[in-house]
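Only the coordinates and a few stated rules stand behind these numbers; no lab work does. This structure is a prediction, so every number in the text was calculated from the model and none was measured. Backbone-built Cβ (ideal geometry, glycine too); neighbour counts: all protein chains shown.
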Amino acid sequence: MPGRLQKLITYWFLAASAVVVAFPVKSGLPSLQSRYFLVVWGYQGAGNLPRESHTFLSVYRGDDLASGRVAPATISWFPADRGVQLVGVERGHNFSLHQTLAMACQGRKHVAVWGPYEILPALYQRVLARIKLLESGRTDFSALSLRPGSMNCIEAAGDITNKAFHPLMSWGHQASKAVVRHLSPFFKDGGRINGTVARLVLWSGCQG
């Protein structure tokens, strides 16, 4: 498995904002230009029940980071009413990173993060294509993928390559690990965590 798992303290975690956040105009990080980065997230409840878990990811343009902006594009596929039913098909909604981490905080979930990893541009484009599909209204949310054209959060985040994705019976942190493994062929630098980007996009959140 590339990189190392960065587990965050239960109920208190590092949060990357899903809105544009400005750093000083000159960030002094031109080396990030024309590069792309990925963070995979997972949360689960105290009992690790499937309906209390979620897998999601965010990607970042190095050009944005180098110019002093944090503006992640996020795959966070969830029922539109935020209530997961294990059986059935529901209208889905792709939530922002800020909204997703707020839900985790409100539900006192245990959040873990993998990355940031530098990725090939092709994976960044695949993430954008998946977001476009999720936001088109052409697909639904189904925890068990009961109907063609529907998917759960794990498939939404992980099944975006030409290779078959097999997360098996996993959810929460284990499912997020499966997503990391599946996407790892697109990682650069041997799958090492990029500390420079981590300092820019991860900081203390959910304070209170």
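Spin-label model, Gln99 to His166: label points 7 Å out along the Cα-to-beta-carbon direction sit 3.4 nm apart. Over all Cα atoms in segment 72-158, the spread is summed up by Rg and Dmax: 13.4, 37 Å.
Once R0 is set to 35 Å, what does the formula 1/(1 + (r/R0)^6) return for the Cβ-Cβ distance between Arg51 and Leu120, expressed as a FRET efficiency to the nearest 0.05? Could you put the intermediate results ahead of the total?
Numbers: r = 34 Å, r/R0 = 0.97.
The value I calculate is 0.55.
Each Lys and Arg Cβ is given +1 and each Asp and Glu Cβ -1; about its Cα centre, segment 113-163 then shows a dipole of about 140 debye. For segment 120-165, the alpha-carbon radius of gyration amounts to 1.15 times the rule-of-thumb value 2.2 N^0.38 Å expected for a compact globular protein.
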